Amino acid sequence: MRILVGLGTCGIAAGAENTYQALAERKASAAAAWSLAKTGCIGMCYREPIVEIHHDDGRRYQYGGVTPDKVGRLLDEHVQGGRPIEDWLLWASDGRGSEQDYYAHQTRIVLRNCGHIDPEVLEDYLAVGGYQALRKVLEEDDPEALVTSIIDSGLRGRGGAGFSTGMKWRFTRMVKADHKYVICNADEGDPGAFMDRSVLESDPHSVLEGMAIAGFAIGADTGYIYCRAEYPKALERLTLAIGQAEAAGLLGENIHGKGFSFTVRLKEGAGAFVCGEETALMASIEGKRGMPRVRPPFPATRGLWDFPTCINNVETLANIPWIVMHGAAAYAAFGTAKSKGTKVFAMAGKIKRGGLVEVPMGISIRKVIFDICGGIKEGKKLKAVQMGGPSGGCIPAELADTPIDYESITRTGAIMGSGGLVVMDETTCMVDVARFFLDFTQRESCGKCTFCRIGTKRMLEVLTRLCEGKGREGDLELLEQLALLVKNNSLCQLGGTAPNPVLTTLKYFRSEYEAHLGNKKCPAHKCTPLLTFAITDLCVGCLLCIKACSAGAITGERKQKHVLDQAKCTRCGQCVKVCNVDGAISVD
Amino acid sequence: MMQLQRYDLEHQHFFGQEGRLIPLLQQAQQAEGYLTRERLLAIQRETGVPLASIYGVATFYAQFRLSPVGKNLIRVCHGTACHVAGANDISEAIEKNLKIRTGETTPDRLFTLETVACLGCCSLAPVIMINNATHGNLTDRQVGRVLKKYAQAGAGKPEGGA
């Protein structure tokens, strides 16, 4: 019997290391007939810490919310007594568990090993068929056929733009050079997206194997992984995995004696969102300021240090070994006519089950939110879904039946993006959301081209005005005009997509903008400068709001209804925050 | 943070000195908490890259700092999920509690407050990271309690996790 503890970043944040420690202590104290292992992210971030029990006969049980104090009972009843604890059970191979429907609609290709193997142990990856795909392509020794099969699989870049992976490989392969590079783009900068982190933390070898296969296909001898510094766990596990693969002869010189050599190096990013753009990323590896340049020349002809370079995203590369082993047709069997395979989404926001889901392309947004993720928190209503982070847009609830594929999502004005899916309910103000994203892109703009540098700044100023109740006549038209200028004239896709959150919210939630501008009201009650607070008859006279009010706008005696002076109120909202009586302070 | 130097050193004749710059800066910051002028000058002497270019790189990336940091580094996540869950309130509460603004360090050098674009644990929103420990599902009222733990521990690291 084997007990696995989910030790991804989410799990650790939820205290899983303490759970692991508690299990380790129990194991040391008793002659345990079970082994203890770490694993990555199973995907159910909302129920961390998660512990999985593997029986030798193949039965599997996943438990959620296993804090250290629950370890004793889990060991006594399940491990010793053989009686699974139904109350804590999330999923079991025998069909029990509260979260069966969470998995029922998922198809796990990229996440195939996540949460099931120990990412720090190479043998675990080998035991599930790891590095067999690399061996297979080396034995077949036909890179041209390999490229063709990746084209046939229909795999498209999972970093967001959706360009055919096989075609990218072909372009890089066609160029003659004595030196080529593969770069794995692990600079997952979109706020709200964490699937690449999870794959790197949970199954790093699958990415390394994908890189080596890509290297073989295009004729590269070196690979770089450019990973965010904000992901210490991913960096740690990648370093370990590279060392293990090199020691085992799965990376390095003359792999499997077939004359193919491939070295992988890890580069730690230094905190610049724009480095997710491929030319900026390469500039950063070269040790320069991470600023994009004009394409063409594309990296396929002139990339890193001017050598032909193929840049693929983490999720794209994690798909590769599976496609090689199962064939292009098996992969293309999932998805729609133009979008094949599966996509991993990082689900967050006002949703009951936040975490990672992997679904076949073509499934509707509604199905992902309601059937897999259990719908909206606290019984509230779905208002919009934000897809694609700062480059994407907000899709309104009316369009929730849109199928998830590159073309359909693009038609709504959003983009597939890297896979962050943030769910919003009626308490979310769409003007505030647009302002949030513009604030982000404006700060992250590298400043090289004028439209992005100044355009995003002006747009942010307009949005900030609106949120502060200082909107001027013509602001919405100005915003639209600026958005189109920035979108069409920026040098790279940071600026080219930065207006998307504004354009989509203007398109679908224009009345909200108009309320901010004309009536100076925020319908979602989020923008505090636009709110009016009033004390109702429910006030019990507890004095809390009087103490909290820094403007001295509230007066009154203990146990008597307090009075709020609108003329003095600065609309900071502190009174509502400290008030313990529902409805005692009304907000409009 | 990581041992990334070997390959860069081996190939410096090929790629020039510039390729080493970011790892060298990262190493320097790791050692001293921030980039001192002395260190930057040493890197200039070692690599031959002009100081102006080094400074250009150091100021471009959010990771690098040119002034010292407090004993405890607080990073408030302002990702989308955290924003929707009230990250602004958390930042405000910490600012109020420590009487500093984001980007500043307390006079006793115990805390530095920063924001970060996304820590990638969105399902625990709102999240803050103090040193390497993540605290999730926070409310602005809990902030004081969390900070107190660190203040009492001084330079030490209290039990991580929330």
Residue among A:Thr428, A:Thr441, A:Thr456 that alone is within 11 Å of another protein chain (Cβ to nearest Cβ), surrounded by 24 or more Cβ atoms within 10 Å (Cβ to Cβ) and among the β-branched types (Val, Ile, Thr) = A:Thr441
Restricting to segment A:214-233, what's the tally of residues that are under 26 Å from the mean Cα position of the chain (by Cα) and in a loop (DSSP other than H, G, I, E, B)?
-> 4
Options A:Val182, A:Val121, A:Val175: the member that is away from every other protein chain (no Cβ under 14 Å) and surrounded by 24 or more Cβ atoms within 10 Å (Cβ to Cβ) = A:Val182
Please specify each residue of segment A:350-374 satisfying the condition of being of a type in the set (A, V, I, L, M, F, W, C), part of a helix (DSSP H, G or I) and over 17 Å from A:Cys114 (Cβ atoms).
-> A:Ile365, A:Val368, A:Ile369, A:Phe370
Evaluate the following for A:Glu426: is it of a type in the set (Asp, Glu) and modelled with pLDDT under 95?
-> yes
With criteria (1) over 30 Å from A:Arg289 (Cα atoms); (2) touching a residue at least 24 places away in the same chain (Cβ under 8 Å); (3) in the same structural domain as A:Leu506 (by TED's automatic domain parsing), A:Arg435 comes up short on (1)
Regarding B:Glu95, is this residue modelled with pLDDT of 95 or more and away from chain A (no Cβ under 12 Å)?
-> yes
Go through B:Val76, B:Val69 for me and flag whichever is surrounded by fewer than 19 Cβ atoms within 10 Å (Cβ to Cβ), more than 10 Å from chain A (Cβ to nearest Cβ) and in contact with a strand residue (DSSP E or B) (Cβ under 6 Å, 6 or more places away or on another chain).
-> B:Val69
Enumerate the strands (runs of 3 or more DSSP E) found wholly within segment A:236-349, keeping only those where 3 or more residues are over 25 Å from the mean Cα position of the chain (by Cα).
-> A:252-255, A:260-268
Going through (1) within 28 Å of the chain's Cα centre (by Cα); (2) assigned to a helix (DSSP H, G or I); (3) touching a residue at least 40 places away in the same chain (Cβ under 8 Å) one by one, A:Leu484 fails only at (3)
Flagged in segment A:272-290 as within 12 Å of chain B (Cβ to nearest Cβ) and out of contact with any strand residue (DSSP E or B) (no Cβ under 9 Å at 6 or more places or on another chain), in numbering order, are A:Ala272, A:Phe273, A:Val274, A:Ala280, A:Ala283, A:Glu286, A:Gly287, A:Lys288, A:Arg289, A:Gly290
Since B:Ala81 meets every condition but one in (1) at pLDDT below 90; (2) part of a loop (DSSP other than H, G, I, E, B); (3) facing another protein chain (nearest Cβ under 9 Å), which condition does it not meet?
-> (2)
Scope segment A:234-271; condition among the hydrophobic types (A, V, I, L, M, F, W, C) and within 11 Å of another protein chain (Cβ to nearest Cβ); matching residues = A:Ala234, A:Leu235, A:Leu238, A:Leu240, A:Ile242, A:Val264, A:Leu266, A:Ala270
Check segment A:297-319 and report whether any residue there is within 14 Å of chain B (Cβ to nearest Cβ), buried (at least 21 other Cβ atoms within 10 Å of the Cβ), farther than 21 Å from A:Val147 by Cα and of a type in the set (D, E, K, R).
-> no
Considering only segment A:485-507, state which residues are closer than 15 Å to A:Ala414 by Cα, of a type outside the set (Gly, Ala, Ser) and surrounded by fewer than 23 Cβ atoms within 10 Å (Cβ to Cβ).
-> A:Lys487, A:Gln493, A:Leu503, A:Leu506, A:Lys507
Matching residues, segment A:519-556, being exposed (fewer than 14 other Cβ atoms within 10 Å of the Cβ), without any contact (Cβ under 8 Å) to a residue 24 or more places away in the chain and part of a helix (DSSP H, G or I) | A:Asn519
Across (1) of a type outside the set (Gly, Ala, Ser); (2) touching a Ser or Thr at 6+ places or on another chain (Cβ under 6 Å); (3) farther than 24 Å from A:Glu268 by Cβ, B:His78 clears everything bar (3)
Among the candidates B:Tyr55, B:Tyr61, which residue alone is out of contact with any strand residue (DSSP E or B) (no Cβ under 9 Å at 6 or more places or on another chain) and either facing another protein chain (nearest Cβ under 8 Å) or among the β-branched types (Val, Ile, Thr) (or both)?
-> B:Tyr61
Yes or no: A:Arg353 in contact with a Leu (Cβ under 6 Å, 6 or more places away or on another chain) and within 11 Å of chain B (Cβ to nearest Cβ)?
-> no
Filter segment B:98-127 down to residues that are more than 14 Å from every other protein chain (Cβ to nearest Cβ) and polar (S, T, N, Q), then give me how many there are.
-> 3
Give me a count of the residues in segment B:128-145 that are more than 10 Å from chain A (Cβ to nearest Cβ) and either under 14 Å from the mean Cα position of the chain (by Cα) or surrounded by fewer than 20 Cβ atoms within 10 Å (Cβ to Cβ) (or both).
-> 6
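The values are calculated or read from the model by the stated rules, or taken from the named source; none is laboratory data. Worth saying up front: this structure is predicted, and the values here are computed from it rather than measured. FYI the Cβ positions are ideal-geometry reconstructions off the backbone, even for glycines, and counts take in every protein chain you see.
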